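J.: Structure below; questions to follow.
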Amino acid sequence: MKYFYQQLLACLSIVLITILLCGGLVYNFTIDSIYSNLSHKLSGYAETIINQNLDVATVEQNLNILEDNTIQIAQFDQYNIMTYPKTNYAFKSNLTDKEIRQMKDGDIIAMKQVKQNFDGQEKELVLIYYPIFKQQKYTGFIAIGSPLSQLQHQLTDLQNSILVAFGIASVFGILVSFVFARYQTKRIEQLRKATQQIADGNFDVSVPHATKDEIDYLAVSFNQMANSLRKSEQEIERQETLRRQLLMDVAHEMRTPLTTMNGLLEGLLYDMIPEDKKARSLDLICKETQRLTRLVNENLDYEKIRANEIVLVKQEIPVKPALQNVVLQLQELADKKDDQLVIHCEDDFTIYADYDRFIQIVVNLVKNAIQFTDHGTITLKTWSDKNNDILAIHDTGIGIEADKIDAIWERFYKADISRKSTKYGESGIGLAIVKSLVTSHGGDISVHSQKGKGTSFIIKFPKHICENKKGEL
C-alpha cells in the first residue's frame with residue numbers, strides 16, 4: 001500500500017473512531033437525560049397527587065386540558081386491584097410480589113416498561129409506581145406512565161441528528177485526512193526524488209525544510225549528507241587530478257636522466273665516445289643515477305612524513321653552527337650562480353627541533369633560493385617572539401606570483417611549466433617535504449614574495465618549556 005493511502009487510512013481511522021466514540025457518549029448521555037427527565041416529570045405528578053391528597057380523576061382531566069394527554073394515571077389498592085380508572089373486571093398491575101413488598105417498604109418502582117395500558121389494550125408504556133401511605137399504613141399505590149412510542153420518537157430524532165453529525169464530520173475528516181496525507185506524501189516524494197538524484201550521481205541537490213518535525217530533521221540530515229558527498233566527490237576529483245599530474249611529473253623527472261644515461265651508455269657500448277670523454281660520460285651517468293635515487297628517496301621520505309611514520313628526536317639545537325654547516329655545504333652551488341650566502345644569528349640562539357630534519361629543512365629552502373636567484377643575496381636570519389623561535393630565509397631572486405604561492409607546496413610544482421627545461425633547473429618535492437616537516441614539529445611556515453624582487457620563507461618553531469622550570473621558557 002502506498003504511503004499516501006496509509007496516511008489517509010490512518011488519519012481517517014482516527015477521525016472516525018473519535019467521532020464514533022464521541023457520538024456514542026453523546027447518545028448514551030442524551031438517553032440518560034431523556035429517561036431522567038421523564039422520571040422526574042412522572043415522579044413530580046405522583047408526589048403532587050399524594051402530598052396534596054388530590055383526586056386522580058381530576059388530575060388526569062387537568063393534564064388533558066394542559067395538552068399533556070399522553071400521561072396515563074392509575075390507582076391501585078393495597079391488594080393490587082386497580083380502583084381508577086374503573087373497569088368491568090379486577091385489573092391488576094404487572095408488579096411482582098417482590099416489587100409489591102418493596103412498595104410496602106416505601107420504595108418507588110421507577111421506569112418499568114409494560115406492554116399494555118390500564119384499559120388492557122396493547123400499548124407499551126413506561127411507568128413509575130409510587131406507594132400511598134395513610135397514617136403510616138400502606139393503602140395502595142399510584143401508577144403514572146407515558147407511552148413508550150413518544151420516548152422512542154425522541155430517541156429516533158436523536159439517532160438521526162447523530163447520524164447527520166457523523167456524516168458531516170466524516171466528510172470533513174476525509175477532506176482533512178486527504179490534505180494532511182497529501183502534504184506528508186509530497187514531502188516524502190521530495191526526499192525520494194532527491195535521493196534518486198543522489199543515486200544518479202547528482203550531489204548538487206537540496207531538500208527544502210522548515211525544521212518543524214522529524215521529516216524536516218530528516219531533510220536537514222539529507223542535505224548534510226548531500227553536501228558531504230559533494231565535497232567528497234570534489235576531493236576525489238582533486239585527488240585524481242593530483243594523481244595524474246604526479247604520475248606525469250614523476251615520468252617527466254625520471255625521463256630526463258634516463259634519456260641522458262641511455263644515450264651515454266649506447267655511446268660507450270658502440271664505442272662512439274672518444275677516449276678522452278669517457279671518464280666525463282661515466283661521471284655524468286653517476287650523477288644522473290644519484291639524481292634518480294634522490295628523487296625516489298624524497299618521495300618515500302615525503303610519504304613517511306605524511307603518514308606520521310617518522311620519529312622526531314627533538315633537542316635544543318645551536319642554530320648558528322648548523323647554519324654555517326649548511327652554507328659551507330652549499331657554497332659551491334651558490335658560487336655557480338654568483339650568489340652570496342649571509343647569516344644573521346646570535347651565537348647562543350637555539351631552536352627546539354630534530355637536528356637532522358632541521359638541517360633538511362634549511363638545505364631544501366636554501367637550495368630552492370639558489371635555484372631561482374642569479375647574482376643575488378640569500379640571507380638566513382633568526383629571532384624570537386613570545387612563543388616561537390623564528391628562522392627566515394630571504395632571497396633576491398625572481399619571486400613568485402601572488403596567486404601561485406599556495407601551490408608551491410605541491411610535489412613537482414612549477415609556477416611556470418616552461419621552466420622545467422630552463423636555467424632554473426629541475427622541479428622536485430623539496431618544498432612539500434619542508435612544509436610536512438615543519439608541521440610535524442608543530443610549527444608554521446609562511447611565504448612572502450614579490451614578483452621580480454625576491455621571496456622570504458619564515459619558519460616558526462614553538463619554544464620548548466623546560467620541565468624543571470614550569471612557567472618559564
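The values are calculated or read from the model by the stated rules, or taken from the named source; none is laboratory data. Note that the structure is a prediction, hence the values are computed from the model and not measured. Heads up, the Cβs are rebuilt from the backbone with ideal geometry, glycines too, and the neighbour counts pull from every protein chain shown.
J.: Please tell me if LEU258 is free of Cβ contacts under 8 Å to residues at least 40 places away in the same chain and more than 22 Å from ALA369 (Cα to Cα). Before you say what the answer is, go through the steps one by one.
T.: Values: free of Cβ contacts under 8 Å to residues at least 40 places away in the same chain: yes; more than 22 Å from ALA369 (Cα to Cα): yes.
Yes; evaluated as a whole, the condition is true for this residue.
J.: With respect to LEU218, determine if the residue is part of a helix (DSSP H, G or I), touching a Leu at 6+ places or on another chain (Cβ under 9 Å) and either modelled with pLDDT of 80 or more or exposed (fewer than 15 other Cβ atoms within 10 Å of the Cβ) (or both). Steps first, please.
T.: On the way: part of a helix (DSSP H, G or I): yes; touching a Leu at 6+ places or on another chain (Cβ under 9 Å): yes; either modelled with pLDDT of 80 or more or exposed (fewer than 15 other Cβ atoms within 10 Å of the Cβ) (or both): yes.
For LEU218, the condition - part of a helix (DSSP H, G or I), touching a Leu at 6+ places or on another chain (Cβ under 9 Å) and either modelled with pLDDT of 80 or more or exposed (fewer than 15 other Cβ atoms within 10 Å of the Cβ) (or both) - is met.
J.: Another question about this same structure. Is it true that THR241 is within 30 Å of ALA407 (Cα to Cα), hydroxyl-bearing (Ser, Thr, Tyr) and outside the structural domain of VAL26 (by TED's automatic domain parsing)? Before you say what the answer is, go through the steps one by one.
T.: Values: within 30 Å of ALA407 (Cα to Cα): yes; hydroxyl-bearing (Ser, Thr, Tyr): yes; outside the structural domain of VAL26 (by TED's automatic domain parsing): yes.
Yes; evaluated as a whole, the condition is true for this residue.
J.: Looking at the range 17-43 only, could you name the residues that are surrounded by 14 or more Cβ atoms within 10 Å (Cβ to Cβ), of a type outside the set (Ser, Thr, Tyr) and either in contact with a strand residue (DSSP E or B) (Cβ under 9 Å, 6 or more places away or on another chain) or without any contact (Cβ under 8 Å) to a residue 24 or more places away in the chain (or both)?
T.: CYS22, LEU38, LYS41, LEU42
J.: Something else about it: If you go through the range 252-260 one residue at a time, do you hit one that is aliphatic (A, V, I, L, M) and either surrounded by fewer than 12 Cβ atoms within 10 Å (Cβ to Cβ) or assigned by TED's automatic domain parsing to the domain that holds LYS287 (or both)?
T.: Initially, the range 252-260 is screened for residues aliphatic (A, V, I, L, M), giving 254, 258.
Filter once more, keeping what is either surrounded by fewer than 12 Cβ atoms within 10 Å (Cβ to Cβ) or assigned by TED's automatic domain parsing to the domain that holds LYS287 (or both): 254, 258.
Yes, some residue in the range 252-260 is aliphatic (A, V, I, L, M) and either surrounded by fewer than 12 Cβ atoms within 10 Å (Cβ to Cβ) or assigned by TED's automatic domain parsing to the domain that holds LYS287 (or both).
J.: As an exercise: evaluate LEU269 against (1) more than 30 Å from ASP200 (Cα to Cα); (2) under 60 Å from the mean Cα position of the chain (by Cα) and give the number of the one condition it does not meet.
T.: Going through (1) more than 30 Å from ASP200 (Cα to Cα); (2) under 60 Å from the mean Cα position of the chain (by Cα) one by one, LEU269 breaks only (2).
J.: Can you work out which of the residues in the range 328-354 that are crowded, with 16+ Cβ neighbours inside 10 Å and assigned to a loop (DSSP other than H, G, I, E, B) is nearest to the chain's Cα centre (by Cα)?
T.: PHE349
J.: Is it the case, given these coordinates, that SER436 is at pLDDT 90 or above, in the same structural domain as GLN371 (by TED's automatic domain parsing) and closer than 24 Å to GLN360 by Cα?
T.: Working: at pLDDT 90 or above: no; in the same structural domain as GLN371 (by TED's automatic domain parsing): yes; closer than 24 Å to GLN360 by Cα: yes.
Considered against the rule, which asks whether it is at pLDDT 90 or above, in the same structural domain as GLN371 (by TED's automatic domain parsing) and closer than 24 Å to GLN360 by Cα, SER436 comes out as no.
J.: Among the residues of the range 190-238, write down those that are acidic (Asp, Glu) and either over 30 Å from ALA407 (Cβ atoms) or in contact with a strand residue (DSSP E or B) (Cβ under 8 Å, 6 or more places away or on another chain) (or both).
T.: Of all residues in the range 190-238, those acidic (Asp, Glu) come to 200, 204, 213-214, 216, 233, 235, 237.
Matches in the range 190-238: ASP200, ASP213, GLU214, ASP216.
For every residue, the table says whether it meets (1) touching a Gly at 6+ places or on another chain (Cβ under 8 Å); (2) in a strand (DSSP E or B).
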site: GLN360; (1), (2): no, no
site: ASN368; (1), (2): yes, no
site: THR373; (1), (2): yes, no
site: ILE393; (1), (2): no, yes
site: ASP403; (1), (2): no, no
